[in-house]
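Note sheet for the following structure.
The values are calculated or read from the model by the stated rules, or taken from the named source; none is laboratory data. This is a predicted model, so every value here is computed, not measured. No Cβ is skipped: glycine too gets one built from the backbone with ideal geometry, and neighbour counts run over all protein chains shown. When the accessible area is computed, the model is the full protein with side chains, heavy atoms only, and any ligands, DNA or RNA have been set aside. Shrake-Rupley method; radii C 1.70, N 1.55, O 1.52, S 1.80 Å.
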Amino acid sequence: SRLAFDPEKDFEPVALVGTFPMVIAVSSTSSLHSAAEVVSAVKANGRSADIALPSTSARLVVELLKERSATPLFGVPYKGAATAITDVIGGQMPVIVDTPTSLRPHIAGGKLRAIAVTSSQPSSLVPGVKTVAEQGFAGFEVIAWNALYAPRGTPPQVVAALNGAINKALQRPETRQRLLELGFEPAGGPASQLADFTKAERRKWQPLIAAAGLKAD
C-alpha cells in the first residue's frame, strides 16, 4: 500500500523468463499421500489442518484451496523455509507449501514426500507428482514467475531487441538446464504475452487477496 511506484503503469513488459509451481509436501512418515487426502481428513475429523507457510505465495495456495474445497485449512506463517521444513520433518506440523527449490533436497533425501504441485500441468521440477487439479479440484493453478521489465517510455525498438535477446537465450540448452536446476520452468514469448499474463494474474488474485485480507506491508 506504500509503494512509490505503480507496477502496472510505470513499467514496460519485456519477457517472461520462467515459472514454477508451489509444492505441497508432508513428512515421509505421514499417512497423507495427496492434497485430496488432506481435505478429506479435515472433513472427516471436523478440525482444521495446520499448514506451514514460509511465503506469501504459499499462503495464496492455501487460500485458494480453502475456497475450492470449502475446508477450514489454517495457514501458519513462518519467517523462512528452514524452520518450517524442520517442523514438518519433525512432526510438529503436518503439511508444508513451499517452492520446489526449497523442498527438492529433502524429498530426494527421503525426509519429505511431495503430494501435489500447484501448476495446471505436471511439472518436470517435481516429476511423478500429480497436480492439485488432477486430484479433484479442476482449474486449480498457482504459479510463481519471474519476468523482465523496462521503465515506462522505453522505445518499442529497444523493448523488441531485449525481448529477442532474452528469447534467444532461453532457447539455449545450457540456459534451460540451468534454469531447471534453479527451480524454474523456462518460459519466453513476446512482450504482449507477458502483458496479457500479468493482467490475467491480477484479475485472478485481487478478489482472493482482498477477501483473505492479505497485505505485503
What percent do you get for the relative contact order of the chain when only Cα pairs under 8 Å and 6+ apart count? 33
Could you calculate the FRET efficiency of residue 74 with residue 143 from 1/(1 + (r/R0)^6), where r is the beta carbon distance between them and R0 is 25 Å, rounded to 0.05? 0.60
Ranking 98, 6 from most to least accessible area with a 1.4 Å probe gives 6, 98
Neighbourhood charge, 12 Å Cβ-Cβ cut-off, centred on residue 183 and excluding it, Lys, Arg +1 and Asp, Glu -1: -1
Using the Cα atoms of region 1-78 to build a convex hull, what is its mean projected area in square nanometres? 7.9
What's the longest uninterrupted piece of the chain once you rule out the trypsin sites (Lys or Arg not before Pro) that are loop residues per DSSP with at most 12 other Cβ within 10 Å? 80-151
In degrees from 0 to 90, rounded to the nearest 10, what is the angle of the helix 173-182 Cα long axis to the longest principal axis of the chain? 40
Amide H within-cut-off set for residue 74, under 5 Å, with H built and near neighbours excluded: 49, 50, 51
Please compute one quarter of the surface area of the Cα convex hull for the chain and express it in square nanometres. 12.8
What ³J(HN,Hα) values, in whole Hz, does the Karplus curve 6.51 cos²θ - 1.76 cosθ + 1.60 give for region 46-57 when θ = phi - 60°, with x put for Gly and Pro? x, 10, 6, 10, 7, 10, 6, 10, x, 7, 5, 4
Probe 1.4 Å, protein heavy atoms only - accessible area per residue of the chain in square angstrom: 53
Qualifying GluC sites (Glu not before Pro) for region 5-91 [loop in DSSP, other Cβ within 10 Å: at most 14]: 8
Any idea what Rg and Dmax come out to for region 47-111 if you just take the C-alpha atoms, in Å? 11.7, 34
With all protein chains modelled, accessible area of residue 29 [1.4 Å, Å²]: 120
Let me have the 222 nm mean residue ellipticity of the chain computed from DSSP H runs of 4+ only, each contributing -39500 (n - 2.57), with the sum over all residues rounded to the nearest 500. -13000 deg cm²/dmol
Note on the chain, DSSP bridge orientation, antiparallel percent to nearest 5 equals 70
The long-range amide H neighbours of residue 95, using H built 1.01 Å from N in the peptide plane and a cut-off of under 5 Å, are 52
Per-residue ³J(HN,Hα) for region 33-39, Karplus 6.51 cos²θ - 1.76 cosθ + 1.60, θ = phi - 60°, Hz, x for Gly and Pro: 10, 7, 5, 4, 5, 4, 4
Under a crude label model (7 Å from the Cα following the beta-carbon direction), how far is residue 202 from residue 171 in nanometres? 3.1
Check which residues have an amide H placed less than 5 Å from residue 17's amide H, if you skip close sequence neighbours. 146, 147, 148, 188
Rounded tilt (10° steps) of 191-212 against the dominant C-alpha axis of the chain: 40
How large a share of the accessible area of the chain, in percent, is made up of carbon and sulfur atoms when the probe is 1.4 Å and the other protein chains stay in place? 56
I need the phi-derived Karplus couplings for region 96-101: 6.51 cos²θ - 1.76 cosθ + 1.60, θ = phi - 60°, integer Hz, Gly and Pro marked x. 9, 10, 7, 6, x, 4
